[in-house]
Amino acid sequence: MAIYGVGSNWDGAEVCTDFFKEEKFILGWNEDCAEDLYTFISALKVGDILYIKANRPGSRRIRVKGIGIVKSNLISCISSGELGFGSTSDWKSLFVRVIWIDQKEFYIDIPQDQGRLTNVRAATIYEEHLPFVQKIIVEHIANKHN
């Protein structure tokens, strides 16, 4: 199991409520632009944690819009027929199923003495490696079940 930060802003349109309603995460880039990112999401596993985030380059504050757990990976969604009979080149049809367990927005302020060299948080998707952030995400999940 791993924790990933994911984006939900598609050319200025916020789509996290669509993700919540449809129990999905969709990358939001067309395959021609983002073959590397589709390879990345094809490796997501059931049980991985996704948190929807917003972060400006260089900012030490992460706006968390929601937290979920992967319920079905991309390959399972393809092989089960959930993606329908459309072309896999239709990037809006490629998704992973997610149980969005926390849909309330909150902020994480990263202390100045931690993660100073991290440069990934403005990316579309990344694996979260900073223990400070991991702990807060896991605590939010745990608090939802207490």
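The values are calculated or read from the model by the stated rules, or taken from the named source; none is laboratory data. Treat the numbers as computed from the prediction; the structure is a model and nothing was measured. Note: ideal-geometry Cβ built from the backbone for every residue, glycine included; neighbour counts use all protein chains shown.
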Practice item. Kindly establish whether Ala122 is surrounded by fewer than 18 Cβ atoms within 10 Å (Cβ to Cβ), of a type in the set (Gly, Ala, Ser), at pLDDT 90 or above and out of contact with any Asp or Glu (no Cβ under 7 Å at 6 or more places or on another chain). Key: no
**Study point:** Residues of the range 35-80 satisfying the condition of being of a type in the set (A, V, I, L, M, F, W, C), assigned to a loop (DSSP other than H, G, I, E, B) and touching a residue at least 40 places away in the same chain (Cβ under 8 Å)
**Key:** Leu44
Practice item. Give the number of residues within the range 16-70 that are acidic (Asp, Glu), at pLDDT 80 or above and surrounded by fewer than 16 Cβ atoms within 10 Å (Cβ to Cβ). Key: 3
Exercise for review: Confirm whether Leu83 is outside any loop (DSSP other than H, G, I, E, B) and modelled with pLDDT under 80.
Suggested key: no
